[in-house]
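The values are calculated or read from the model by the stated rules, or taken from the named source; none is laboratory data. Just so you know, these numbers come straight off a predicted model, no measurement behind them. Positions of Cβ are generated from backbone atoms using ideal geometry, with glycine treated the same way; all protein chains shown enter the neighbour counts. Areas reflect the complete protein model, heavy atoms only, side chains present, ligands, DNA and RNA absent. Shrake-Rupley method; radii C 1.70, N 1.55, O 1.52, S 1.80 Å.
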Amino acid sequence: MSSFSVRFFAPQQPLLPSTASSFKPKTWVMAAPTTAPATSVDVDGGRLEPRVEEREGYFVLKEKFRDGINPQEKIKIEKDPLKLFMEAGIDKLAKMSFEDLDKAKATKDDIDVRLKWLGLFHRRKHQYGRFMMRLKLPNGVTTSAQTRYLASVIRKYGKEGCADVTTRQNWQIRGAVLPDVPEILKGLDEVGLTSLQSGMDNVRNPVGNPLAGIDPEEIVDTRPYTNLLSQFITANSRGNPAVANLPRKWNVCVVGSHDLYEHPHINDLAYMPATKNGRFGFNLLVGGFFSAKRCDEAIPLDAWVSADDVIPLCKAVLEAYRDLGYRGNRQKTRMMWLIDELGIEVFRSEVAKRMPQKELERASDEGLVQKQWERRDYLGVHPQKQEGFSYIGIHIPVGRVQADDMDELARLADMYGSGELRLTVEQNIIIPNVENSKLEALPNEPLLKDRFSPQPSILMKGLVACTGNQFCGQAIIETKARALKVTEEVERLVSVSRPVRMHWAGCPNTCGQVQVADIGFMGCMARDENGKPCEGADIFLGGRIGSDSHLGELYKKGVPCKNLVPVVADILVEHFGAVPRQREEGED
């Protein structure tokens, strides 16, 4: 196994005093599906042999397991992608012309595949020579200084530069060119950020409660745990080869609220707070994921760990997945496929033997997430647990911001709060720690009155959209601008009295998470009334988040995008109690 060591930094302390979390004795249950793959599966002993081995500090797929592997695995074998960072390979690439890089297979694989280990995604199809850079931002917590730095990076790229709040509480910035990358990485380090191990076969940004430490109703402050997870995953931003050669991407979250803002059911590993024999810790869910061919909710591992074992457990799960995961067809390499193959009990035993104590306790029946809980809206102004302070949730339409927007958000965080911003998985932003004496002035700031309202319309507040084909080469349709336009036009047709979450994804990879939406739109090619190909969407209905979570189902296939407005209006009337505005006005 790996010989690397990590010195964990102390988690950043909240800027205001925080009272300890408390709860009243009630009936609590695990907020999770109860179904699971077969617990008893006949597994050949040879199948449990680790398929990777450590060589000179990096983990490499053994020769005997290389038959039938996918092209990405071959690229990793040719050169470990982390070497571009850990051995300064990026400096050499940055000095070469892009045309020269593109001529040779080795360097072409660098710019199109291996650089994703540094969080750099080449936008070959729509922005040739430019990159999207994805950061690590555990729990979605960022500072005004970090936000200003990111604004300064994208500003230099003019119309090619912008930023997005992602569905994993994270920043993505766009427009970067390779010669600038070494300097950008240096600047990120100076403000306490990293983009390392944020793409391809790595662990994505650790998600936590966006109201951590300030929520009067929180179960536990998730920030210390998500910070430690991020530090472990990247070895304190130095690079961690032990968990950088997974069979596929991997998501993790730590739940801290009854609202389940963290969406645990769609993560590969979710920590669900629970006590056991007077000790605080977490029950575990595993295997949740979305892909073009399959989407599954996380299932119980039937295991509980103490708060002290959050990192050892994460390490053990990742090592089991790294060692045993299938590396053939990329559509069958997410961790749930391994759980299916081994059965949940064999998978659990593989995790247990990789724990320091070589065992796992069974799940606790003292889960702390209250099942009967109405999910709260964090947009607008709300009191914090700290007396005299409030937070304000700001709607960022489909998560898109420009450099000037980021500078202004940083200014508001400094002027009204404590210089901190919180990103959410719904692509919005929270300013915490606002003194109540400043609450009257803050909503009157031009940015909040003109663009980023704390009180958006009822349909706009639940709108989420992936990048779409404006930048993403895999997207079939444009999403962000279309999502806004369709929603605006639908609002003219019908009046909605309760929240309806509408998510857009440009392709079946479903980065926009359409299956958890009330109404989901997945980009596809359709045919218009004349039988001609056109941009369209498959429509999903009935996704749920929270304690009664379940995935939505396909409702209608191949609707041309130009026909979506009346279709969506009808769906809202038939399924969500909307009222046609013509009738509403006549009745008035």
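For the stretch 494-551, a tally of residues being on the phi > 0 side of the Ramachandran plot and at pLDDT 90 or above returns 1.
Kindly indicate which of 108, 116, 125, 92 is basic (Lys, Arg) and assigned to a loop (DSSP other than H, G, I, E, B). So that I can check it myself, show each step before the final result.
On the way: 108 fails: assigned to a loop (DSSP other than H, G, I, E, B); 116 fails: assigned to a loop (DSSP other than H, G, I, E, B); 92 fails: assigned to a loop (DSSP other than H, G, I, E, B).
Going through 108, 116, 125, 92 in turn, just one is basic (Lys, Arg) and assigned to a loop (DSSP other than H, G, I, E, B): 125.
Just one residue in the set 168, 238 is open to solvent by 20 Å² or more (accessible area, probe 1.4 Å), among the charged types (D, E, K, R), closer than 26 Å to residue 471 by Cβ and not in a helix (DSSP H, G or I); that residue is 168. Criterion applied to 441, 481 was being at pLDDT 95 or above, surrounded by fewer than 20 Cβ atoms within 10 Å (Cβ to Cβ) and out of contact with any Phe, Trp or Tyr (no Cβ under 6 Å at 6 or more places or on another chain), and the one residue passing it is 441.
Just to be sure I understand, how many residues within the stretch 145-165 are part of a loop (DSSP other than H, G, I, E, B) and basic (Lys, Arg)?
Of the residues in the stretch 145-165, the ones part of a loop (DSSP other than H, G, I, E, B) are 156-157, 161.
Still in the list and also basic (Lys, Arg): 156.
Selection size over the stretch 145-165: 1.
Filtered by the rule that a residue be touching a helix residue (DSSP H, G or I) at 6+ places or on another chain (Cβ under 8 Å), over 30 Å from residue 80 (Cβ atoms) and open to solvent by 10 Å² or more (accessible area, probe 1.4 Å), the stretch 221-235 gives a lone residue, 223. Among all residue pairs at least 6 apart or on different chains, which show Cβ distances below 9 Å where the first residue, located in the stretch 236-261, is under 23 Å from residue 306 (Cβ atoms) and of a type in the set (Ser, Thr, Tyr) and the second is open to solvent by less than 10 Å² (accessible area, probe 1.4 Å) and part of a loop (DSSP other than H, G, I, E, B)? Once the first residue is under 23 Å from residue 306 (Cβ atoms) and of a type in the set (Ser, Thr, Tyr) and sits in the stretch 236-261, its partners that are open to solvent by less than 10 Å² (accessible area, probe 1.4 Å) and part of a loop (DSSP other than H, G, I, E, B) give 257/209; 257/210; 257/211; 257/212; 257/215; 257/218; 257/222; 257/369.
Hey, could you check the stretch 128-149 for residues that are more than 12 Å from residue 409 (Cα to Cα) and open to solvent by less than 10 Å² (accessible area, probe 1.4 Å) and say which is farthest from the chain's Cα centre (by Cα)?
Within the stretch 128-149, the subset more than 12 Å from residue 409 (Cα to Cα) is 128-141, 149.
Narrowing further to those that are open to solvent by less than 10 Å² (accessible area, probe 1.4 Å): 131-133, 135-137, 139-140.
Details: 131: 19, 132: 16, 133: 15, 135: 11, 136: 10, 137: 10, 139: 10, 140: 10 Å.
Among those residues, the one meeting the criterion is 131.
Output yes when any residue across the stretch 550-560 is buried (at least 17 other Cβ atoms within 10 Å of the Cβ), in a loop (DSSP other than H, G, I, E, B) and touching a residue at least 24 places away in the same chain (Cβ under 8 Å), and no when none is. Scanning the stretch 550-560 turns up at least one residue that is buried (at least 17 other Cβ atoms within 10 Å of the Cβ), in a loop (DSSP other than H, G, I, E, B) and touching a residue at least 24 places away in the same chain (Cβ under 8 Å).
Please specify each residue of the stretch 185-199 satisfying the condition of being crowded, with 21+ Cβ neighbours inside 10 Å and either in a loop (DSSP other than H, G, I, E, B) or out of contact with any Ser or Thr (no Cβ under 9 Å at 6 or more places or on another chain) (or both). Those that are crowded, with 21+ Cβ neighbours inside 10 Å and either in a loop (DSSP other than H, G, I, E, B) or out of contact with any Ser or Thr (no Cβ under 9 Å at 6 or more places or on another chain) (or both): 193, 195, 196, 197, 198, 199. Among the residues making up the stretch 391-418, those that are over 23 Å from residue 460 (Cα atoms) and open to solvent by 10 Å² or more (accessible area, probe 1.4 Å) are 407, 411, 414, 415, 416, 417, 418.
Working only within the stretch 370-382, note down all residues that are open to solvent by less than 60 Å² (accessible area, probe 1.4 Å) and in a strand (DSSP E or B). I'd like the intermediate steps shown before the answer.
To start, the set of residues in the stretch 370-382 that are open to solvent by less than 60 Å² (accessible area, probe 1.4 Å) comprises 370, 378-380, 382.
380, 382 - these are the residues of the stretch 370-382 that are open to solvent by less than 60 Å² (accessible area, probe 1.4 Å) and in a strand (DSSP E or B).
For beta carbons closer than 7 Å, sequence separation of 6+ or different chains, a first residue in the stretch 462-474 that is assigned to a loop (DSSP other than H, G, I, E, B) and a second that is aromatic (Phe, Trp, Tyr), the qualifying pairs are 466/504. Of all the listed residues (108, 64, 79, 125), the sole one being open to solvent by 40 Å² or more (accessible area, probe 1.4 Å) and more than 29 Å from the chain's Cα centre (by Cα) is 64.
How many residues does the stretch 496-548 contain that are in a loop (DSSP other than H, G, I, E, B) and under 21 Å from residue 458 (Cα atoms)? Number satisfying all stated conditions: 14.
Yes or no: residue 433 open to solvent by 50 Å² or more (accessible area, probe 1.4 Å) and farther than 26 Å from residue 160 by Cβ?
Details: open to solvent by 50 Å² or more (accessible area, probe 1.4 Å): no; farther than 26 Å from residue 160 by Cβ: yes.
It is false that residue 433 is open to solvent by 50 Å² or more (accessible area, probe 1.4 Å) and farther than 26 Å from residue 160 by Cβ.
Looking only at residues in the stretch 552-578 that are more than 22 Å from the chain's Cα centre (by Cα), charged (D, E, K, R) and closer than 16 Å to residue 502 by Cα, the one that is modelled with the lowest pLDDT is 556.
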